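*Asks:* Got a structure for you, questions after.
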Amino acid sequence: MPTKTMCALVVLLFCIPAIAADKKPLNPAQIKLARDARGVLGEYCGKCHGRGGANIGKMELKHERLLEKKIVVPGNPGGSDLYTIIEEGEMPPEKEQNKVPQEKLGIIKEWIEGGAPPWPVRVPRDPPITHQDMAGRMLADLKKQVESGVKPVQIRYFTLSNLVNAGEQKDDMHNYRTALSKLVNSLSWDKDIHNPISIDDGKAIDEKDILRINLDNYDWKDDTWDEITLKGFYRYPYTIDYPYPAHQQLRQMTKAEVPYIRADWFIAHGAKPELYHEILKLPDTDRELEEDKLNLNVDKNIEDGVGGRFQRAGFLKSGVSKFNRIVERHKSGNGSYWKSYDFSSNKNRQNIFRFPLGPDGLEKENGDPLFHKDQVFKQAGGEIIFTLPNGLQGYFLVDSEGDRLDVAPIDIVQNLAGGAGDDPQISNGLSCMTCHTRGMQPFKLKADHLRKAIANANANKVFRNFKKVRALQLLAIPKVINDLVDKDSQRFEEAVKKTGGVVGDKEPIAILANHYESALDKYLAAGELGVPVAELQKRTEASKDLQEYGLYTLFVENGPGLARESWEENYKDIYFAVADSDPVVVDFPFILEATHNPEGKFVQQANPGIKGLAWSPERKGKTIFSSGFVVHEPRFLGNLLKW
């Protein structure tokens, strides 16, 4: 009997034994206790201290870190800060209204008394969510949206299924969702916060791995989404022409070549300059931002001096520069517009204590120069922080002429607090978010540096550099400008809370961007492909192509993993190598029944037991895919096909 080879995916099951620090396998009771303890910590502490938490600098829910820092002392709950601060009610903070119940605190105590055995880092989902599963669920959700009157072209999706597959902790997944919400709302000109919605919301099983957005909610257009997925500098690398009918129908209904993208990729790239500028539609100069986007008259505010619409302070050193700095606040329709003047030295016209007036180029209402050109400071660049309509912040870096920059010159400002990739160079968007995790940085006593110095100057001695009275008219009373900093930071914190997040010392978007850009391990790689780890290993060992792409490094014990950049570069080829690498021998003749139903569609039924088939009935026809039972538009003249 003739035979022919057809391609299909084979789903394999696997398990991961828990191993204690001394490399001895844990017994079932220890495994359960460790998992239960991690579950309690994740539920009550993960929002701030799990992966992507805003306060992981103080404590991070990693077993080895808790022991290294002696936050947990095995066998000694009373000597473990983790236990005592929860027992005494210090954590979680009272404002969170999420006190740990006594019975759950007892689990933490029992776990520590039992030697604080390690919990599994990951328990991969079994079976994994496949790309076909995802497409089918999104299509079903899209149809529901259409039934409720929503235009399908406005709907897009973000997925986290790859991370669920890899076995990320539930609280870590929560932090991914809130980071995504903070990011998309930080890229929005809408007045309200709109959190992405789980498509399974309200269902008995809701892993919240697929999130829906409406482009209109963020004032995004079709071309905005195209910039994200197709045109931008960071072109989306995971675009696959999946053969599933649901995927094709999603494309047709949304009129988008890429109707959904991975949330972890977007978190890593959406706040980088190229995409950040495109999505927010930021102009090329500070003047255009002020006048066209924010309806501000900066010249008039400075001419009028300190008051209801303008405040200014100067200090010798800031948190991002070793040189002096001037910072001013303008009242805007959305809240505030903060602008700094930064310098590459403290010499000559870059010394604000010698030349406190400026900047150059400002005009009075009658058209005359606001300041004499020989008496103004000469800035080297600046940073702008403006309130978005929803209360979050937007960022804008400029050079000495006010032209927009992607990255700031390192001789002027540096990211001294660390950031994405710990790069000291400040890039617009992500680096600014990393520094301003709580909103505006407080000035405190620095707010009076320049004002107090000018007040102490002898007007008759400094008149060649500046007029003392005029200089003081431009400098705020410290309490006034400090109160405005607190007010703006409070509004920012309230907006962050609406996204589901918290403010802290770390920026969740930057933390998760770092995690995405780190090397992949076997769990992440398999999760992204939608196959079990054991299956990926089997295919890698059997495939010359996968070996050449470097996937063998994934299976080296304590090995380096696989570089994200290499994975992105070869993802499409890797995906198809995995999807097409396990041939199934099918006995022929093979029968495909195609019967016409009243709706004018063909219902096609493949032979039982065949998980996936691909064939082309016409020489120039499109490939049709079947996975057990699917529906296609009419393609055949007859109602029975036989090979």
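The values are calculated or read from the model by the stated rules, or taken from the named source; none is laboratory data. Only a predicted model underlies this, so the values are computations on that prediction, with no experimental measurement involved. As a convention, Cβ positions derive from the backbone with ideal geometry for all residues, glycine included, and neighbour counts pool all protein chains shown. Heads up: the accessible areas ignore ligands, DNA and RNA and are worked out on the full protein's heavy atoms, side chains in. Shrake-Rupley method; radii C 1.70, N 1.55, O 1.52, S 1.80 Å.
*Asks:* Would you list the helices (runs of 4 or more DSSP H) that sit entirely within the range 373-473 and hold 3 or more residues that are touching a residue at least 24 places away in the same chain (Cβ under 8 Å) and either open to solvent by 30 Å² or more (accessible area, probe 1.4 Å) or of a type in the set (A, V, I, L, M, F, W, C) (or both)?
*Replies:* Numbers: elements: 430-435, 449-455, 459-462, 468-473.
Result: 430-435, 449-455, 468-473.
*Asks:* Within the range 342-352, how many residues are of a type in the set (Phe, Trp, Tyr) and surrounded by fewer than 18 Cβ atoms within 10 Å (Cβ to Cβ)? Step through it out loud before you land on a result.
*Replies:* Applying the first criterion (of a type in the set (Phe, Trp, Tyr)) to the range 342-352 yields 343.
Narrowing the set further to residues that are surrounded by fewer than 18 Cβ atoms within 10 Å (Cβ to Cβ) leaves none.
Going through the range 342-352 one residue at a time, the tally reaches 0.
*Asks:* Does at least one position in the range 308-327 carry a residue that is in contact with a Ser or Thr (Cβ under 7 Å, 6 or more places away or on another chain), surrounded by fewer than 22 Cβ atoms within 10 Å (Cβ to Cβ) and not small (Gly, Ala, Ser)?
*Replies:* Yes - at least one qualifying residue is present in the range 308-327.
*Asks:* Do you know which of the residues in the range 567-581 that are open to solvent by 50 Å² or more (accessible area, probe 1.4 Å) and of a type in the set (D, E, K, R) is modelled with the lowest pLDDT? Spell out the reasoning first.
*Replies:* Taking the range 567-581 first, the residues open to solvent by 50 Å² or more (accessible area, probe 1.4 Å) are 569, 572-573, 576, 580.
Still in the list and also of a type in the set (D, E, K, R): 569, 572-573, 580.
Working: 569: 95, 572: 94, 573: 93, 580: 56.
By that ranking, first place goes to 580.
*Asks:* For the subset of the range 47-70 comprising residues that are in contact with a helix residue (DSSP H, G or I) (Cβ under 7 Å, 6 or more places away or on another chain) and free of Cβ contacts under 8 Å to residues at least 60 places away in the same chain, which member is least open to solvent (accessible area, probe 1.4 Å)? If you could, list the steps in order and put the result at the bottom.
*Replies:* Of all residues in the range 47-70, those in contact with a helix residue (DSSP H, G or I) (Cβ under 7 Å, 6 or more places away or on another chain) come to 47, 50-56, 59-61, 66.
Filter once more, so that each one left must be free of Cβ contacts under 8 Å to residues at least 60 places away in the same chain: 59-60, 66.
Numbers: 59: 17, 60: 33, 66: 1 Å².
Per the criteria, the residue is 66.
*Asks:* Next question, about the same structure. Restricting attention to the range 202-238, report how many residues are open to solvent by less than 50 Å² (accessible area, probe 1.4 Å), free of Cβ contacts under 8 Å to residues at least 40 places away in the same chain and of a type in the set (Val, Ile, Thr).
*Replies:* 1
*Asks:* Restricting the search to the range 408-456, which residues are β-branched (Val, Ile, Thr), over 26 Å from residue 501 (Cα atoms) and at pLDDT below 90?
*Replies:* We begin by selecting, within the range 408-456, every residue β-branched (Val, Ile, Thr); these are 410, 412-413, 426, 434, 437, 454.
Checking the rest, the ones that are also over 26 Å from residue 501 (Cα atoms) come to 410, 412-413, 454.
Within the range 408-456, 410, 412, 413 meet the criteria.
*Asks:* Quick check on my filter: what residues within the range 247-269 are open to solvent by 20 Å² or more (accessible area, probe 1.4 Å) and aliphatic (A, V, I, L, M)?
*Replies:* 253
*Asks:* Can you spot a residue in the range 175-196 that is part of a strand (DSSP E or B) and open to solvent by 50 Å² or more (accessible area, probe 1.4 Å)? So that I can check it myself, show each step before the final result.
*Replies:* Let us first name the residues in the range 175-196 that are part of a strand (DSSP E or B), namely none.
No, the range 175-196 has no match at all.
*Asks:* Might you check whether a residue that is assigned to a helix (DSSP H, G or I), closer than 30 Å to residue 215 by Cβ and open to solvent by 40 Å² or more (accessible area, probe 1.4 Å) occurs anywhere in the range 145-156? Walk me through how you get there before you give the answer.
*Replies:* Of all residues in the range 145-156, those assigned to a helix (DSSP H, G or I) come to 145-147, 152-154.
The next check asks that each one be closer than 30 Å to residue 215 by Cβ; those that pass are 145-147, 152-154.
Next cut, open to solvent by 40 Å² or more (accessible area, probe 1.4 Å) only: 146-147.
Among the residues of the range 145-156, at least one is assigned to a helix (DSSP H, G or I), closer than 30 Å to residue 215 by Cβ and open to solvent by 40 Å² or more (accessible area, probe 1.4 Å), which makes the answer yes.
*Asks:* Does residue 509 satisfy being closer than 27 Å to residue 277 by Cβ and of a type in the set (Val, Ile, Thr)? Lay out the reasoning, then the answer.
*Replies:* Values: closer than 27 Å to residue 277 by Cβ: yes; of a type in the set (Val, Ile, Thr): yes.
So residue 509 fits the description; yes.
*Asks:* Could you tell me whether any residue of the range 112-135 is touching a strand residue (DSSP E or B) at 6+ places or on another chain (Cβ under 7 Å) and open to solvent by less than 20 Å² (accessible area, probe 1.4 Å)?
*Replies:* Going through the range 112-135, the residues touching a strand residue (DSSP E or B) at 6+ places or on another chain (Cβ under 7 Å) turn out to be 134.
This time we only want the ones that are open to solvent by less than 20 Å² (accessible area, probe 1.4 Å), so: 134.
The answer is yes; a qualifying residue exists.
*Asks:* Can we say residue 507 is closer than 18 Å to residue 184 by Cβ, open to solvent by less than 40 Å² (accessible area, probe 1.4 Å) and of a type in the set (Asp, Glu)? Before the answer, list the steps.
*Replies:* On the way: closer than 18 Å to residue 184 by Cβ: yes; open to solvent by less than 40 Å² (accessible area, probe 1.4 Å): yes; of a type in the set (Asp, Glu): yes.
Criteria met by residue 507.
*Asks:* Residue by residue through the range 359-399, note down the ones that are closer than 17 Å to residue 325 by Cα, among the aliphatic types (A, V, I, L, M) and in contact with a Ser or Thr (Cβ under 6 Å, 6 or more places away or on another chain).
*Replies:* Selection gives 380 alone.
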